[in-house]
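The values are calculated or read from the model by the stated rules, or taken from the named source; none is laboratory data. Since the model is a prediction, treat every value here as computed from it, not as a measurement. Cβ coordinates were reconstructed from backbone atoms using ideal geometry, including for glycine residues, and neighbour counts include every protein chain displayed.
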Amino acid sequence: MACLCGSICLCPGEKDRNQVTAEPTRRLMLAAAGAGAGSLALAGCRGITVLGPRPKPGADVVTLNHAIAAEELMIGRYRLALDALSSDGRHSPATTKSGKTQSGTRDLVLVAALLSEHREHLAQMRERLVLPPRLATASPRPSPTPPAAPRGRHAIMASLAAAEVAASDRLIGWLPVMPPALAQLMASIAASEAAHVVHLGYGRLAP
């Protein structure tokens, strides 16, 4: 219709109809914009998890972690064995001038040497463990606590020999899930621990 100024205009009813159809469109646009902003904010809060669950460490990493924990436990066993052998030597009736039995002295030297080898094994395994930053910066887990050493020199040496047999068997069982380079290291350590059984005087137990 024509208005008084001669131009085309909308009557009040037509204006209302245009507003009714336009306003929902504007509201939908605002709602969509708000939803988009909310999604971005949520993604920012959730970080990388918005992309899905974090990948878990591979089987070789998990197994190497288990091997490291087992080696730490073995080192703890040897340290307690050294303390127990030292105490047993001081209280033995047949002692040398140094205050220890000759057999006890040999055992102390042997156990100390084997402990040194286990520390080298642990260092070699730790060098092979490469963790993602989120795990590398996490608080280190506590070292496992070994059982108390038995009483008596023979019982101490026998317990160490049994632990070495179990460790060698465990490492051999893990070889199939290890990549070739790491499997070679594990096989070498398993052979070394089997040799420890012989050095401890229990070759019949060796794998």
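Could you run through region 112-131 and say how many residues are within 11 Å of the chain's Cα centre (by Cα) and either more than 19 Å from Leu171 (Cα to Cα) or modelled with pLDDT under 90 (or both)? Final tally of qualifying residues: 3. Counting residues in region 177-185 that are in contact with a helix residue (DSSP H, G or I) (Cβ under 8 Å, 6 or more places away or on another chain), exposed (fewer than 14 other Cβ atoms within 10 Å of the Cβ), modelled with pLDDT under 95 and within 25 Å of Asp83 (Cα to Cα) gives zero. In the condition set (1) at pLDDT below 60; (2) not in a helix (DSSP H, G or I), Leu135 is compliant with all but (2).
Filtering region 176-199 for residues that are over 20 Å from Arg106 (Cβ atoms) and assigned to a loop (DSSP other than H, G, I, E, B) leaves a non-empty set. Here Ser188 clears all of (1) hydroxyl-bearing (Ser, Thr, Tyr); (2) touching a residue at least 12 places away in the same chain (Cβ under 8 Å); (3) surrounded by fewer than 16 Cβ atoms within 10 Å (Cβ to Cβ) except the condition numbered (2). Restricting to region 145-161, name every residue that is among the hydrophobic types (A, V, I, L, M, F, W, C) and surrounded by 14 or more Cβ atoms within 10 Å (Cβ to Cβ). Hits for region 145-161 are Ala149, Ile156, Met157, Ala158, Leu160, Ala161. The number of residues in region 41-84 that are of a type in the set (S, T, N, Q) and modelled with pLDDT of 95 or more comes to 0.
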